[in-house]
Amino acid sequence: MDAKSNKLIDELVEPTRIHKSVYTDSSIFELEMERIWGQAWIFIGHESQIPESGDFFTTNINHREPVLMIRDKEDCIHVLHNRCAHKGAKIVEERNGNVRGALRCGYHGWTYNFDGSILNIPNEEGYKDTGFDVKGSCNNLQPLAQSDCYRGFVFATLSSSTPPLKEWLGGAIECIDNLCDRAPEGEVELAGGILRYDHPCNWKFILENLNDTMHPMVVHQSIVQAAEDYIKTLPEEATEHRSEAEIIPPFGASYTNFENSGITGFPFGHHYDGGKTSIHADYTVFPAYHEAMMQAYGEERTREIYSFNTHNVLYYPSLTIKCAIQNIRVIRPISVDRFVVESWSFRLKGAPEEMLQRTVLYSRLINSSMGMVGPDDLEVYRRMQEGLVSSGSDWIEYHRQYGRDKELGDRVVGGGTSDLDMRTQFGAWKNYMTGNL
């Protein structure tokens, strides 16, 4: 895009407002796929999905670029373009599984090693004296420009100029550390399947909503009230029913409670709310889990791990995690007005099974399409997507606590009910879209 066009993109984002077209214009969406999803580190999968040689997982790195994550015979993980070097057919169609021996294209039978290097071309004699270089690197399955793994979380990017993964994660890396450190063995693993939820709206809505603490007591009012009324009917001994129902009321916490949780923003659009406290801070610590943590870390380190409580953490633009719940959500854009959100549950290695059961329960109650909180949010997203076509106004504001954000080293902090999350995201959005990151 030329300088004049970059100026037009730049004018869509002002310090306290954004133009509605960033949610509704399909040409802007296509640029986002190229300049944000094509430049940022995008979450691909977790190493526990592919524990053995030949295990694979397939997905898209943006709305249409198919990729393949696979473990080779030397125990290395590769992220490759899921495209045969010959005629371009997808090498692997299944979402996950195991390949024995080699990857083989289902069209002309070209085969590849698990690292993507060409292994065999059928009837190779036909290429003799044609100038075709059988050993040329262009005949391999091509790796993505960069891929890396941090504590089991595999990311990749289509850009060779994007900073290394750890640098890109910046200070927000402490949240992945906290998630993994909550396991007595220091590692997590994917447990069960992936819950997918189709959203007929722009992908940015859910990211903005993660740390928007002005909406829970409004959007989730009815379900919070229903849960509180139900809890009042329970006898003290009904601990199982009570622990399930008590997941809901924190979503109706007061403005003061959410304000005190705070928001922390980082370069590249990452942020989280909470830290010292969050809506998960008062969850019961199961005795068996606490004992395992004490044996693994000792009292001081265990208390330190517990004390870092975030609510939602965003690694812009594709991954959100909940440290205390061991749950992540992955964003998969499809079009300007459609995306899929995936919910993944993790097991804390060395922890009792009841910890995983709470994680699964949380996903069912909160993130499921049949849950009690996620559908509330989707209804609001739908109303925004439909309302933004209105000619009533072209702008959306995010003034809350503007000018009060404080820079502290590698991060910016603000009150929990501020629009710091919007400023963090759209600062990165503008920089990606105009080539300034």
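The values are calculated or read from the model by the stated rules, or taken from the named source; none is laboratory data. Quick caveat, the model's predicted, so the values are computed rather than measured. Cβ sites come from the backbone with ideal geometry, for glycine too, and all protein chains shown count toward neighbours.
Let me confirm something: among Thr256, Thr277, Thr264, which residue is under 21 Å from the mean Cα position of the chain (by Cα), within 27 Å of Tyr306 (Cα to Cα) and of a type in the set (Ser, Thr, Tyr)?
The unique qualifying residue is Thr264.
Of the residues that make up region 39-61, is at least one in contact with a helix residue (DSSP H, G or I) (Cβ under 9 Å, 6 or more places away or on another chain), buried (at least 21 other Cβ atoms within 10 Å of the Cβ), among the hydrophobic types (A, V, I, L, M, F, W, C) and assigned to a loop (DSSP other than H, G, I, E, B)?
Yes, region 39-61 has at least one match.
I'm told Val389 meets every condition in (1) farther than 30 Å from Pro287 by Cβ; (2) of a type in the set (A, V, I, L, M, F, W, C); (3) buried (at least 17 other Cβ atoms within 10 Å of the Cβ); (4) modelled with pLDDT under 95 except one. Can you identify the failing condition by its number?
The failed condition is (3).
I want to confirm something. Restricting to region 350-386 and keeping residues that are at pLDDT below 95 and among the β-branched types (Val, Ile, Thr), which single residue is surrounded by the fewest Cβ atoms within 10 Å (Cβ to Cβ)?
Val360
Counting only residues that are of a type in the set (Gly, Ala, Ser) and within 22 Å of the chain's Cα centre (by Cα), which one in region 43-102 is farthest from Cys138 (Cα to Cα)?
Step by step, filter region 43-102, then rank; the result is Ser48.
With a cut-off of at least 2 residues that are of a type in the set (Gly, Ala, Ser), name the strands (runs of 3 or more DSSP E) lying wholly within region 223-328.
Details: elements: 263-265, 271-275, 309-315, 319-322.
So the answer is 271-275.
Could you tell me which residue of region 395-434 is surrounded by the fewest Cβ atoms within 10 Å (Cβ to Cβ), considering only residues that are in contact with a Gly (Cβ under 6 Å, 6 or more places away or on another chain) and part of a helix (DSSP H, G or I)?
Ala428
Using the structure shown, decide if Asp337 is closer than 21 Å to Asn209 by Cα, of a type outside the set (Lys, Arg) and crowded, with 20+ Cβ neighbours inside 10 Å.
Here the answer is no, as Asp337 does not meet what is asked.
Quick one: Glu354 ticks every box in (1) assigned to a loop (DSSP other than H, G, I, E, B); (2) more than 30 Å from Pro267 (Cβ to Cβ) except a single one, so which number is it?
(1)
Please give the number of the condition Ile9 fails out of (1) buried (at least 21 other Cβ atoms within 10 Å of the Cβ); (2) touching a helix residue (DSSP H, G or I) at 6+ places or on another chain (Cβ under 6 Å).
(1) is the only condition that Ile9 fails.
Within region 185-242, can you find the residues that are at pLDDT below 90 and under 30 Å from Cys149 (Cβ atoms)?
Gly192, Gly193
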